[in-house]
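A.B. asks: My questions all concern the structure below.
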Amino acid sequence: MLDEVTISKGIINAYFKKITNALELDVAIVGGGPSGLVAGYYLSKGGKKAAIFEKNLYIGGGIWGGGMMLNEIVIQEEGKTVLDDFGIKTESYESGYHTADAVYVTSTLIHKAMGAGLKIFNLIAVEDVAIKDERVNGLVINWGAVNKLDWEVDPLTVKSRFVLDATGHLANVTETLVRKMGITLNTATGGIIGERPMDAEKGELHAVENTREVYPGMYVCGMAANAVYGGYRMGPVFGGMLLSGKKAAEEMISRL
Ligand code: 48F
């Protein structure tokens, strides 16, 4: 006989054990899109304690929808090396271009990242960072629903040695840090430059180049990196997102 209260207790106890264990991390990743998932995979494989906080119910960010909801993505040669690490099969299209089913790619990124030990907290939004001695040292979190409804509920805090802003086009965490601290970033203008229009070739290169520590203790990757440093957008070609996540993980691993 199934007992409903035992089911409830199981969920509550398992969740609280999981989140309590994630209150002190090596890397706290904000955003569960492709760049954040790939970073989480390599960090976990490298033996680091990492978790993703994603405000939405679903994980995967903008990858599920392919290009304009045609759920296929394009990957170029260098990006394919990351998919190879995940064991994800692609189809050759033309020389230098590969296609892959967006749902298959997204679900496998999630599956392999969690298999490597990454913890994922969906439905949790990051509303701020924690600062100590002019260095980012954690995240301020709240329920995604509370954030969406704009309710005034006080948050909780997660401590981490590094934060990774993988929030996509809005560069949400970096934007919050700049707005609240009035800091000067290591960008050409000292502020968030903003994403440029479409240029797939440049955008892909920029996503990787722009992946770096944007403020002591905080890295930025994926489209957030292009938004902060003024890189071009690239649309549904995903190699840059994957390589950016990998680069962020490798740089942080070398410092942990
Ligand atoms: O946008 P997203 O997929 O970021 P990405 O990893 O990849 C970009 C591509 O999908 C695509 C592209 C490349 O071809 O241009 O757009 O850079 O995923 C970002 C995730 O961050 C979450 C958001 O819901 C999404 O799933 N997110 C954003 N702000 C917050 C957040 C926040 N404050 N707290 C938690 N999650």
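Nothing in this text is a laboratory measurement; each read-out follows from the coordinates by a stated rule. Given the structure is predicted, the values throughout are model-derived calculations rather than measurements. Note that each Cβ is placed from the backbone with ideal geometry, even for glycine, and that neighbours are counted across all protein chains shown.
A.B. asks: Suppose the chain between SER254 and GLU78 were pulled fully straight at 0.36 nm per residue; how much longer would it get relative to their current alpha carbon spacing?
C.D. replies: 61.2 nm
A.B. asks: Can you pull the percent of Cα pairs in the stretch 62-141 with separation above 22 Å?
C.D. replies: 44 percent
A.B. asks: In whole Å, how far is the Cα centre of the stretch 196-227 from that of the stretch 115-134?
C.D. replies: That distance is 20 Å.
A.B. asks: Let me ask you something else. Peptides 166-174, 35-43: what's the order by average Cβ count within 10 Å, highest mean first?
C.D. replies: Those peptides, ordered most packed to least, come out 35-43, 166-174.
A.B. asks: While we're looking at this one, here's another question. What translational diffusion coefficient, in µm²/s and rounded to a whole number, does the Stokes-Einstein relation yield for the stretch 100-256 at 20 °C and a viscosity of 1.002 mPa s, taking the hydrodynamic radius as the Kirkwood radius over Cα pairs?
C.D. replies: 130 µm²/s
A.B. asks: In the stretch 192-215, which residues have a backbone nitrogen under 16 Å from the label point lying 7 Å from ARG135's Cα in the Cα-to-Cβ direction?
C.D. replies: Backbone N within reach: 213-215.
A.B. asks: While we're looking at this one, here's another question. Could you compute the net charge surrounding LEU177? Neighbours are other residues with a C-beta less than 11 Å from the C-beta of LEU177; K and R count +1, D and E count -1.
C.D. replies: Net of charged neighbours comes to -1.
A.B. asks: Give the calculated FRET efficiency between ASN122 and GLU201 to the nearest 0.05, with a Förster radius of 45 Å applied to their Cβ-Cβ distance.
C.D. replies: After rounding to 0.05, the efficiency reads 0.85.
A.B. asks: Lys and Arg at +1, Asp and Glu at -1: add these up for the other residues within a Cβ distance under 14 Å of ALA145 and post the number.
C.D. replies: Local net charge: -2.
A.B. asks: Scaled to the compact-protein estimate 2.2 N^0.38 Å, what is the alpha-carbon radius of gyration of the stretch 96-153, rounded to two decimal places?
C.D. replies: 1.64
A.B. asks: Near HIS206, within a Cβ-to-Cβ distance under 10 Å, what is the net charge of the other residues, with Lys and Arg +1 and Asp and Glu -1?
C.D. replies: That sum, taken over residues with Cβ under 10 Å, equals -2.
A.B. asks: Then there is this: What percent of all Cα-Cα pairs in the stretch 48-96 falls into each 5 Å bin, going from 0 up to the bin containing the maximum distance?
C.D. replies: Over the stretch 48-96, the share of Cα pairs per 5 Å bin runs 5, 15, 18, 22, 21, 12, 5, 2 percent.
A.B. asks: Suppose we take every Cα in the stretch 1-126 and form the convex hull; what volume per residue is that in Å³?
C.D. replies: Dividing the Cα hull volume of the stretch 1-126 by its residues yields 139 Å³.
A.B. asks: Which helices pass in the chain if a helix is a full DSSP H run, must span at least 18 angstrom along its long axis by Cα, and must have mean Kyte-Doolittle hydropathy not below 0.5?
C.D. replies: 102-115
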